[in-house]
Amino acid sequence: MNHRLKNIIPQLLTLLFVLAVIGFFTINAQLNMDERGIDFGYGFLGQESSFDVQFSLIEYDGSHSYARAYLVGLLNTILVSVLGIIFCTIIGVIVGVARLSPNYLIRNTAAWYVEFFRNVPLLLQIFFWYYAALRALPLPENTEPLFGVTYLTVKGYYIPRLIWENFDILFYSILAAIISIVIIKNYAKKLQEEKGQQLPVFLISVSLLVILPALTLITGMVQLEVALPVLKQLSKTSFIYADGISVPPELLALVLALSLYTATFVAECVRAGIQGISKGQKEAAASVGLTPNQILKLVIMPQALRIIIPPTTNQYLNLTKNSSLAAAIAYPDLVLVFAGTALMQTGRAIEIVSITMLTYLSLSLAISILMNWYNKRIAIKEK
Amino acid sequence: MTNINILKPTRDNFQTYLYIGLTLILISIFDVVLRSFFNFNFSTFLPGILNLFLPLIIGLVGLQMIRLEYSGNKIIDKINQSVNNNPFNAGLTLLIIFLTLLATPPALNWMIFEATISGDTKEACAASEGACWTYIKVWFRRFIYGMYPNDFHWRINTAFIFLIAFAFVGYFMKGKLKNYITFYYAILYPIIAFIIINFLISGGSFGLEWVETNAWGGLSLTFIVSFFGLIFCFPLGMILALGRRSELPVIRYISIGYIEFWRGVPLITVLFMSSVMFPMFLPSDAFVDKLIRVIAAIILFEAAYVAEVIRGGLQALPRGQYDAAKSLGMGYWRMQIFVILPQALKLVIPGIANTFLALVKDTPLIFVVGLSEVVGMLQMAKTNPKWLGFAMEGYIFASILFWAICYAMSRYSQYLELKYKTDR
């Protein structure tokens, strides 16, 4: 009895404390809202928002509802996060491998990159790219084309727009290619495990991915038109490129800063993962006659991935959360559109901040579930 | 293939190959130096792309010609091993050397030779193409002290000197006093620090004029925010970590909920919450200063991260430590304080240092509530009509500042890690 009491009392006290804090806040919030004549509720989401958003993936203007504005912000946040995750993975893996290079110069260049970029606040980097680096770009009318058809100007990056006809057929062909790749991969794995033969899986996959969609184009089932960006005069001194897709400089700066910053952390995870594989593994693989490429692909990487993935997941989560810094350079992400403009207009602090926080919580949760699933798939399967 | 065979040295003809190869490498480097420093290019008669890559090709051939294992020459062997062990690495080596050579003259010109530091108006910089360090010089006080009145800067300096002095008191605690060292740092020191900052920097009594927190800013604000964040989030994180490992379900679930919630949301929304939502949660007549609200938000936020780091250390301790402590008849708190935590904290020094680094790097975010530390002051200076157009200089200055602070902190944590490392 004495022992149980000893367990219950601290729990009861903690619970009471938490409840008291929550109760105190709720009562105050209630009183404050009564005083100001606001009622709590999410009904405002259906009202007309009457503000414009600079950059949006879906159709949106002031006559749409706040809920639609929320969706615009959310999609923009997801866009930045996905682009950032892709680029930071690419840069991070390259730098991480480069830090273990036998080449003295490469190793040290990579080390300096990591030391510098991770010790400077992300916000400062975003400001640097947006206000200093990208502002130094030429005006649209003086821009030389990059890769022939794209234009990197101070007003944004203009790329050609692809106009598809019968896009669904192309989509199905890509889907078919992916499914066949999965089948071939499984078959190759079986072959590898049973007979020790290796198929050139990578080559086959790439050619499948290229050939199947290309076939649909050649046979004329799918038509593709390319709308090149064309210089257009708006007024006497103001030019833009019309017809193409314009990537706003805010998005460019944000993706650059986020991926360069997060890549330093990913690089460290990759390095730790590869270093975590004991030398014996490499030597054993070499002594059974595997080539250096095979050693990396069949022995080192599958083991290193297990060490690399959990911390890298954390970095992806951080990147997603850090994308909220977009508000600082007026990129219309969730925080700027919803917790900024919408909050200013409606004054519904509690509802809007809570929705924003819940959204980020669920985004984080979604990424960690996805990565946990992947991690489980590649984890050691003990028999 | 024959081409490569011709270029491949053997032990017999290595001397000749070495001379030719080194000459080629020197020619290629000389070419790039000429191009970058003297703006002179002797191969303009070649077609465009070949002209551009000529030094790279010559250099690659040269490096190929000196690549021989165990050549007998120690220096050549070392070069081959470290930067020239296969054609791919050789190419990357050349690329890095050439890019450095090409980038050096413009960077040096901009930063040093054509830069201006004299004068104290924008006009002083108008004449030259280079960086305008005059801008940094003129705004330096603002970057360090924010909008704090110039006459009172000594108050901030004195306050920081006092803070540092009191931080060193622990070193002089000898003998019996040493038992109270934890008590001093965990409870007494934060109170002393708060009193010092409150009376010296904030003022309002002892004949010191009151300066509202809106005027605080610059690097000193960065230090104040990270300092309080640091000393308060550590004990809170420790309690949360213990709570998450507790055997009592209510405490465990409350800790898990707290930690996962704060780790799932970005700091910027937390700061938004502290500025727009928090006042709604207080009695209408209560007023909490903006700076205190922000620091409280940062503490609550970072504590969740500290808690996870400390939990890692707690989990890494073998069960035997707990059992041994219990078998000596220690209660829960005595066991944690004297046996478990000292060992666990030692294990997680790098993790805690990383969290604190993140805290320092997160301080610029307080711009969302209208407080401006260094980066915020930069933004303010940048939009000042008298000083338009010097964004680059400001960002370079601030990056070097932050880099130095963070690098020093990470070095110190490495030193601590070595100092407290005990073999187990």
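Rule-based calculations on the coordinates, nothing more; no lab input. Every value quoted in this text rests on a predicted model; they were computed, and no experiment measured them. Reconstructed Cβ throughout: ideal geometry from the backbone, glycine too, with neighbour counts over all protein chains shown.
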Please list, ordered by chain and number, the residues whose modelled amide H lies under 5 Å from the amide H of A:Ile245; skip anything fewer than 5 residues away on the same chain.
A:Ile159, A:Arg161
What list of ³J(HN,Hα) values in whole Hz, one per residue of the stretch B:248-254 in order, does the Karplus curve 6.51 cos²θ - 1.76 cosθ + 1.60 (θ = phi - 60°) give from phi, with Gly and Pro shown as x?
8, x, 4, 5, 4, 5, 5
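So, with +1 on the Cβ of K and R and -1 on the Cβ of D and E, and no other charges, what is the size of the charge dipole of chain B about its Cα centre, to the nearest 20 debye? Walk me through the numbers before you get to the answer.
On the way: 32 positive and 23 negative charges, 275 e Å.
Charge dipole, chain B, about its Cα centre: 1320 debye, nearest 20.
Label the stretch A:72-223 by shape, choosing from rounded, prolate and oblate, from the square roots a ≥ b ≥ c of the eigenvalues of the Cα gyration tensor; if a/c is under 1.5 it is rounded, and otherwise prolate applies when a/b is larger than b/c, oblate when it is not. Numbers along the way, then the final one.
Numbers: a/c = 2.34, a/b = 1.26, b/c = 1.87.
Oblate, because a/c is 1.5 or more while a/b does not exceed b/c.
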In Å, descending, principal axis extents of the Cα set of chain B:
83, 68, 43
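Evaluate the relative contact order of the stretch B:344-424 (contact order divided by residue number), counting alpha-carbon pairs under 8 angstrom at least 6 apart; express in whole percent.
Answer for the stretch B:344-424 is 42 percent.
Once a ≥ b ≥ c are taken as the square roots of the eigenvalues of the Cα gyration tensor of the stretch B:112-266, is the result rounded (a/c under 1.5), prolate (a/b larger than b/c) or oblate (a/b not larger than b/c)?
Working: a/c = 2.58, a/b = 1.74, b/c = 1.49.
Prolate.
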Amide H contacts under 5 Å for A:Thr153, restricted to residues at least 5 apart in sequence or on another chain and with H modeled in the peptide plane, are A:Tyr158
Tell me which of A:Leu298, A:Phe338, A:Ala327 sits at the most positive position along the dipole axis of the stretch A:294-383, charges placed on C-beta atoms (Lys, Arg +1; Asp, Glu -1).
A:Leu298
How big is the stretch A:70-142 along each principal axis, measuring the range of its Cα positions in Å and listing the largest first?
47, 33, 25
Choice from B:Ala303, B:Ala286, B:Ala167 with maximal GNM fluctuation in chain B (Cα, 10 Å cutoff):
B:Ala286
Counting only other chains, and only Cβ atoms inside 10 Å, what mean value do you get across the residues of B:247-260?
3
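R0 = 30 Å: FRET efficiency of A:Ile245 with A:Met344, Cβ-based, nearest 0.05? Write out the running numbers ahead of the final one.
Details: r = 30 Å, r/R0 = 1.01.
Working from the Cβ atoms, E equals 0.50.
I'd like the mean, over residues of B:274-282, of how many other protein chain beta carbons sit within 10 Å of each residue's own Cβ.
For peptide B:274-282, the averaged partner shielding equals 6.
In peptide A:212-221, what is the residue-averaged number of other protein chain Cβ atoms found within 10 Å of each Cβ?
Working: counts 0, 0, 0, 0, 0, 0, 0, 0, 0, 0.
That average works out to 0.
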Springs between alpha-carbon atoms under 10 Å, Gaussian network over chain A: tell me which of A:Leu146, A:Leu209, A:Leu298 tops the mean-square fluctuations.
A:Leu209
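Which FRET efficiency value, to the nearest 0.05, do you get for B:Met147 and A:Leu139 by plugging their Cβ-Cβ distance into 1/(1 + (r/R0)^6) with R0 = 45 Å? Show your work: numbers first, answer last.
Numbers: r = 35 Å, r/R0 = 0.79.
Efficiency for this residue pair is about 0.80.
Helix-only estimate, please: 222 nm mean residue ellipticity of chain A, summing -39500 (n - 2.57) across DSSP H runs of length 4 or more and dividing by its residues, to the nearest 500. All intermediate terms of the calculation are to be shown ahead of the outcome.
Working: 11 runs with 227 residues, N = 383.
The per-residue figure over chain A is -20500 deg cm²/dmol.
Please give the FRET efficiency for B:Ala404 paired with A:Leu370, using the beta carbon to beta carbon distance and R0 = 25 Å, rounded to the nearest 0.05.
Details: r = 38 Å, r/R0 = 1.53.
E(calc), rounded to 0.05, equals 0.05.
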Values of log10 I(q)/I(0), in the order q = 0.07, 0.08, 0.12, 0.13 Å⁻¹, for chain A under a Debye, Cα-only, solvent-free model
-0.50, -0.64, -1.24, -1.35
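Express the relative contact order of chain A as a whole percentage, based on alpha carbon pairs under 8 Å and six or more residues apart in sequence.
Numbers: 430 pairs, mean separation 85.5, N = 383.
Rounded, it is 22 percent for chain A.
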For B:Lys78, the aspartates and glutamates lying under 15 Å Cα to Cα, once residues fewer than eight places off in the same chain are dropped, come out as B:Glu69
I'd like the Karplus ³J(HN,Hα) series for the stretch B:105-111: coefficients 6.51, -1.76, 1.60, θ = phi - 60°, whole numbers in Hz, and an x wherever there's a Gly or Pro.
x, x, 5, 5, 4, 5, 7
Setting aside same-chain residues fewer than 8 positions from B:Lys382, which aspartates and glutamates have a Cα under 12 Å from its Cα?
B:Glu393
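Cα gyration tensor of the stretch B:54-154, axes a ≥ b ≥ c as square roots of the eigenvalues: rounded (a/c below 1.5), prolate (a/b > b/c) or oblate? Please list the in-between numbers first.
On the way: a/c = 5.24, a/b = 2.83, b/c = 1.85.
Here the stretch B:54-154 falls in the prolate category.
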Where only alpha carbons of the stretch B:2-113 are counted, the Rg and the Dmax (Å):
15.5, 50
Cα pair distances in the stretch B:383-424, grouped into 10 Å bins until the bin that holds the longest one, percent each
24, 26, 21, 15, 9, 4, 0
Just for the Cα atoms in the stretch B:116-190, what are the lengths along the principal axes, largest first, rounded to whole Å?
67, 25, 16
Can you compute the radius of gyration and Dmax for the protein assembly as shown, using only the Cα atoms, both in Å?
30.7, 98
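Taking the Cα centre as origin and putting +1 on Lys and Arg beta-carbons and -1 on Asp and Glu beta-carbons, what dipole magnitude results for the stretch B:110-158, to the nearest 20 debye?
That gives the stretch B:110-158 a dipole magnitude of about 280 debye.
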Using alpha carbon centroids, what distance separates the stretch B:371-424 and the stretch B:187-241, in Å?
20 Å
What list of ³J(HN,Hα) couplings, whole Hz, do you get for the stretch A:88-105 from phi and the Karplus terms 6.51, -1.76, 1.60, once you set θ to phi - 60° and write x for glycine and proline?
5, 5, 4, 4, x, 5, 4, 5, x, 5, 5, 5, 9, 5, x, 7, 4, 5
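Loop only per DSSP, at most 13 neighbouring Cβ atoms within 10 Å: give me the trypsin sites (Lys or Arg not before Pro) in the stretch B:167-220, ordered by residue number.
B:Lys174
Rank-order B:220-226, B:143-149, B:324-330 by packing density, defined as the average count of other C-beta atoms within 10 Å over each peptide's residues, highest first. Present the calculation step by step, with values, prior to reporting the outcome.
Values: B:220-226: 23.3, B:143-149: 20.0, B:324-330: 12.6.
Sorting B:220-226, B:143-149, B:324-330 by mean packing, highest first, produces B:220-226, B:143-149, B:324-330.
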Which trypsin sites (Lys or Arg not before Pro) from the stretch B:1-89 combine a DSSP loop assignment with at most 12 other Cβ atoms within 10 Å?
B:Arg11
For the stretch A:161-227, fraction of C-alpha pairs farther apart than 19 Å, in %:
44 percent
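Tell me which chymotrypsin sites (Phe, Trp or Tyr not before Pro) from the stretch B:50-136 have a DSSP coil assignment and no more than 14 other beta carbons within 10 Å of their own. Provide the component values of the computation, followed by the final result.
Values: sites: B:Phe53, B:Tyr70, B:Phe88, B:Phe98, B:Trp110, B:Phe113, B:Trp133, B:Tyr135; in loops: B:Tyr70.
Passing sites in the stretch B:50-136 are B:Tyr70.
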For chain A, the longest site-free run once chymotrypsin sites (Phe, Trp or Tyr not before Pro) in DSSP loop states with at most 12 other Cβ atoms within 10 Å are removed
A:148-383
Taking the Cα-to-Cβ direction at A:Thr26 and at B:Ala316 and moving 7 Å from each Cα, how far apart do the two end points lie in nm?
4.2 nm
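Please state the relative contact order of chain B as a whole percent: Cα pairs under 8 Å, 6+ residues apart? If you can, show how the numbers build up before the last one.
Details: 437 pairs, mean separation 58.1, N = 424.
RCO, chain B: 14 percent.
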